[in-house]
1. When residue 86 is evaluated against the numbered criteria (1) within 16 Å of residue 10 (Cβ to Cβ); (2) surrounded by 20 or more Cβ atoms within 10 Å (Cβ to Cβ), which criterion, by number, is the only one it fails?
2. Take the residues of region 105-127 that are in a helix (DSSP H, G or I) and in contact with a strand residue (DSSP E or B) (Cβ under 6 Å, 6 or more places away or on another chain): which is farthest from residue 77 (Cα to Cα)?
3. Would you mention how many residues in region 1-19 are part of a helix (DSSP H, G or I) and either under 15 Å from residue 127 (Cβ atoms) or at pLDDT 95 or above (or both)?
4. Being free of Cβ contacts under 8 Å to residues at least 40 places away in the same chain, assigned to a loop (DSSP other than H, G, I, E, B) and in contact with a strand residue (DSSP E or B) (Cβ under 7 Å, 6 or more places away or on another chain) is the filter here, so list the residues in region 61-104 that pass it.
5. Restricted to region 20-51, and to residues that are over 15 Å from residue 3 (Cβ atoms) and not in a helix (DSSP H, G or I), which residue is nearest to the chain's Cα centre (by Cα)?
6. Is it true that residue 110 is more than 16 Å from the chain's Cα centre (by Cα) and either farther than 26 Å from residue 123 by Cα or in contact (Cβ under 8 Å) with a residue 60 or more places away in the chain (or both)?
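The values are calculated or read from the model by the stated rules, or taken from the named source; none is laboratory data. Keep in mind the model is a prediction, meaning the values are calculated, not measured. Virtual Cβ from ideal backbone geometry, glycine too; neighbours counted across all protein chains shown.
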């Protein structure tokens, strides 16, 4: 079974058919049997909407769970093991959202769809 994990921005760009979503990312998403989104992405989006940092997500934030389901995606696991891995990764990158997404991809052994090169060398990143 092929599965991919979407970074938060990749998922949000898919909601609005944003042209920043690369053709390679679109192809990988279309070809995957399972498309995963970490629950931490829900938190990241809602927090940034609440703080006024992501106004374009306001129309979506109240329906994110339903939207993911409508897209055929599923929430990734969010376990103590993922949280512990995220906290223990020897990585200068301090963003807690990225750490949790990286740990999820590593522990689930799936590729990560992300434009963010900070993940390179830590997980298979598709962009």
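1. (1)
2. As a first pass, look at region 105-127 and keep what is in a helix (DSSP H, G or I): 105-108, 117-119.
From the residues that got through so far, the ones that are in contact with a strand residue (DSSP E or B) (Cβ under 6 Å, 6 or more places away or on another chain) too are 105, 119.
Working: 105: 10, 119: 19 Å.
Going through the qualifying residues, I end up with 119.
3. Total satisfying the criteria: 7.
4. Selection gives 72 alone.
5. Residue satisfying both the conditions and the ranking: 21.
6. It is false that residue 110 is more than 16 Å from the chain's Cα centre (by Cα) and either farther than 26 Å from residue 123 by Cα or in contact (Cβ under 8 Å) with a residue 60 or more places away in the chain (or both).
Yes or no, residue by residue, for (1) surrounded by 15 or more Cβ atoms within 10 Å (Cβ to Cβ); (2) farther than 21 Å from residue 98 by Cα; (3) touching a residue at least 40 places away in the same chain (Cβ under 8 Å):
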position: 2; (1), (2), (3): no, yes, no
position: 8; (1), (2), (3): yes, no, yes
position: 15; (1), (2), (3): yes, no, yes
position: 19; (1), (2), (3): no, yes, no
position: 25; (1), (2), (3): yes, no, yes
position: 30; (1), (2), (3): no, yes, no
position: 35; (1), (2), (3): yes, no, no
position: 39; (1), (2), (3): yes, no, no
